[in-house]
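S.K.: Attaching a single structure in structure tokens format; questions to follow.
The values are calculated or read from the model by the stated rules, or taken from the named source; none is laboratory data. Source: prediction; values computed, not measured. Positions of Cβ are generated from backbone atoms using ideal geometry, with glycine treated the same way; all protein chains shown enter the neighbour counts. Just the protein is used for accessible areas: all its heavy atoms, side chains included, with ligands, DNA and RNA removed. Shrake-Rupley method; radii C 1.70, N 1.55, O 1.52, S 1.80 Å.
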Amino acid sequence: MEFPENASKLNLDEIYDKLKGCVYGAAIGDAIGLATEFMSKERARNLYGIGPIAFGTEKGYEFYIDSHRGKWNEGDWTDDTDQLLLIINTLIANGGIFNSCDFAMRLRKWANQGFPELDNKPTCDIGITVSSVLSHPQFLKKPYKSAWDIWVQSNYNMAANGGLMRTAILGVPFFWDEKQVIKQTLQATKVTHADPRCGLSSVILTTLISRLIKGNVQDIPTDLTDEDKQEILNWLQSGSPNNEDEQDIDKNINISVKSTSEKSKKENFFSSEKDKHLNQSSSTPLKRRKRTYMNSKSREPAIIPNPLPPGIELFGVDPVMLALTKSLVDRYKFMILNIPNTSQSSSRISSYLQTDLSEEALKKYCFPESLASLDLDEFSSIGYVYKCLGSALYCFTRNLNKVDNESEAFKKIITELTLEAGDADTNATVAGALLGARIGYNKLPKEWIDGLTYKTFLDEKINILWKIISNSD
């Protein structure tokens, strides 16, 4: 794989910084968000006030460790980052190209065994959609069909955020070719999530990141042709009962890459020939630092100032980032407004889908008035993909030009998002990936980076992927 000439307005060091920022931003957001995952906003406020939350060398309110948070260890991330890393492993093993069956095998093995490189840490908190699709008897051979079957069984109404949380990295390989970014994004999403809202949400995320990598956030793209739109709609149909040959999203991968040897194809799903260049720390299981349970009666209530100080709304909106986001939402909204036909009539499908499968609903979630307006802790919808996307886009479009220190801004944004509770780790994973790609790794808060247990492991994976993307030795 090699960059075309003038693929980006950024130099190689800047592109690498954004790649690393995307991965680390996701991992940090995931690890911090765990502090309030599945809590109500009221509960989170009682425990952490308005922050800060202690992590790494950052002082603040200590993590409240209960039966849920006790499943992970100090400095750990959750299944969100695990699945992002599974995508990276698939890209590494296949020359930067996403392979659905390869990823399906890795996902199944991870669900059963965890990561061998990370002390075989057990998988926790796998979403209902992913676990249901993993249990499908045809999953390893036909993941898209399996995901479609599970979606049908849910009456075409299973728009969870489990695909969105893992796909940010796919905005980087082939960042100069938006169509290829979309294809790989839909491939990775549709392995478990067939609902078109999931595919659209992931596409908005990865195309934003690809634009950041290209350095052309102010450029207005030309409209898609009808032919391009139809091809994308065909990809959304992959796995459907009437799946035609031209709708196979895995077909016609016409990208020139270095071939993968037969030997590496037969290797363990978690490794490739390139993985053998990792430092010894990856072949030797990394030790974990145990957390201890915290008795709620021994914890002092958090101090909540009255009135509350201004939050991230004080940053205001960045007009450039907002315009970019709106342009991409408008560019790809056709993916839900023109639901492809299946073996059943389209009118019947529409009657099964949630009533928010509309342009109005999409924009309502993508451009909320505030984080609070999204009701992220509403129990019945905490895993809804549009809520996750909307919270990430709100964070991403804050005006950092008015901020003296982007590292402190990142902490404030992720902390405020975490304190909205609900599916906080996933919301903060996606927001962290976007913000990390925007400001770059070198501007992420060192205090929080230092809190991650597996920094060496992340660095090794990022560097191997970078060598493939940049065609460097």
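S.K.: Among the residues in segment 155-166, are any in a helix (DSSP H, G or I), at pLDDT 95 or above and either over 30 Å from SER327 (Cα atoms) or not charged (D, E, K, R) (or both)?
M.R.: The answer is yes, given that some residue of segment 155-166 is in a helix (DSSP H, G or I), at pLDDT 95 or above and either over 30 Å from SER327 (Cα atoms) or not charged (D, E, K, R) (or both).
S.K.: Enumerate the helices (runs of 4 or more DSSP H) found wholly within segment 420-473, keeping only those where 3 or more residues are more than 15 Å from the chain's Cα centre (by Cα).
M.R.: 446-449, 455-470
S.K.: In segment 385-398, is there at least one residue being in a loop (DSSP other than H, G, I, E, B) and open to solvent by 10 Å² or more (accessible area, probe 1.4 Å)?
M.R.: Residues of segment 385-398 that are in a loop (DSSP other than H, G, I, E, B), as a first pass: 397.
Applying the additional criterion that residues be open to solvent by 10 Å² or more (accessible area, probe 1.4 Å) yields none.
No: segment 385-398 contains no residue that is in a loop (DSSP other than H, G, I, E, B) and open to solvent by 10 Å² or more (accessible area, probe 1.4 Å).
S.K.: When PHE38 is evaluated against the numbered criteria (1) open to solvent by 40 Å² or more (accessible area, probe 1.4 Å); (2) more than 20 Å from THR426 (Cβ to Cβ), which criterion, by number, is the only one it fails?
M.R.: (2)
S.K.: Shifting gears a bit: Tell me the residue from ASP102, ASP76, ASP80 that is open to solvent by less than 10 Å² (accessible area, probe 1.4 Å), charged (D, E, K, R) and either under 16 Å from ASP423 (Cα atoms) or in contact with a helix residue (DSSP H, G or I) (Cβ under 6 Å, 6 or more places away or on another chain) (or both), please. Before you say what the answer is, go through the steps one by one.
M.R.: Working: ASP102 fails: open to solvent by less than 10 Å² (accessible area, probe 1.4 Å); ASP76 fails: either under 16 Å from ASP423 (Cα atoms) or in contact with a helix residue (DSSP H, G or I) (Cβ under 6 Å, 6 or more places away or on another chain) (or both).
Testing whether each residue is open to solvent by less than 10 Å² (accessible area, probe 1.4 Å), charged (D, E, K, R) and either under 16 Å from ASP423 (Cα atoms) or in contact with a helix residue (DSSP H, G or I) (Cβ under 6 Å, 6 or more places away or on another chain) (or both) leaves just ASP80.
S.K.: Of (1) outside any helix (DSSP H, G or I); (2) under 21 Å from ARG166 (Cβ atoms); (3) acidic (Asp, Glu), ASP30 satisfies all except one. Which?
M.R.: Tallying (1) outside any helix (DSSP H, G or I); (2) under 21 Å from ARG166 (Cβ atoms); (3) acidic (Asp, Glu), ASP30 fails exactly one: (1).
S.K.: Among the residues of segment 175-193, write down those that are closer than 30 Å to GLU5 by Cβ and hydrophobic (A, V, I, L, M, F, W, C).
M.R.: Of everything in segment 175-193, those that are closer than 30 Å to GLU5 by Cβ and hydrophobic (A, V, I, L, M, F, W, C) turn out to be PHE175, TRP176, VAL181, ILE182, LEU186, ALA188.
S.K.: Any residue that is among the aliphatic types (A, V, I, L, M), part of a loop (DSSP other than H, G, I, E, B) and either open to solvent by less than 10 Å² (accessible area, probe 1.4 Å) or without any contact (Cβ under 8 Å) to a residue 40 or more places away in the chain (or both) - is there at least one of those in segment 171-187?
M.R.: First, the residues of segment 171-187 that are among the aliphatic types (A, V, I, L, M): 172, 181-182, 186.
Then drop every residue that is not part of a loop (DSSP other than H, G, I, E, B), which leaves 172.
When the remaining residues are screened for being either open to solvent by less than 10 Å² (accessible area, probe 1.4 Å) or without any contact (Cβ under 8 Å) to a residue 40 or more places away in the chain (or both), the result is 172.
Looking through segment 171-187, at least one residue is among the aliphatic types (A, V, I, L, M), part of a loop (DSSP other than H, G, I, E, B) and either open to solvent by less than 10 Å² (accessible area, probe 1.4 Å) or without any contact (Cβ under 8 Å) to a residue 40 or more places away in the chain (or both).
S.K.: Could you check TYR454 against (1) under 18 Å from LEU19 (Cβ atoms); (2) open to solvent by less than 10 Å² (accessible area, probe 1.4 Å); (3) at pLDDT 95 or above and say which number it fails?
M.R.: For TYR454, the exception is condition (3).
S.K.: From the list SER407, SER381, which residue is under 30 Å from ASN11 (Cβ atoms), among the hydroxyl-bearing types (Ser, Thr, Tyr) and more than 17 Å from the chain's Cα centre (by Cα)? Show your work before the answer.
M.R.: Numbers: SER381 fails: under 30 Å from ASN11 (Cβ atoms).
Criteria check complete, one pass: SER407.
S.K.: Does LEU208 meet the test of being in contact (Cβ under 8 Å) with a residue 12 or more places away in the chain and either open to solvent by 10 Å² or more (accessible area, probe 1.4 Å) or farther than 26 Å from PRO143 by Cα (or both)?
M.R.: Against the criterion (in contact (Cβ under 8 Å) with a residue 12 or more places away in the chain and either open to solvent by 10 Å² or more (accessible area, probe 1.4 Å) or farther than 26 Å from PRO143 by Cα (or both)), LEU208 qualifies.
Every residue, every condition in (1) within 14 Å of the chain's Cα centre (by Cα); (2) among the polar types (S, T, N, Q), yes or no:
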position	(1), (2)
GLY162	yes, no
MET165	yes, no
GLY171	yes, no
PHE175	no, no
LYS183	no, no
THR207	yes, yes
ARG211	no, no
THR225	no, yes
GLN237	no, yes
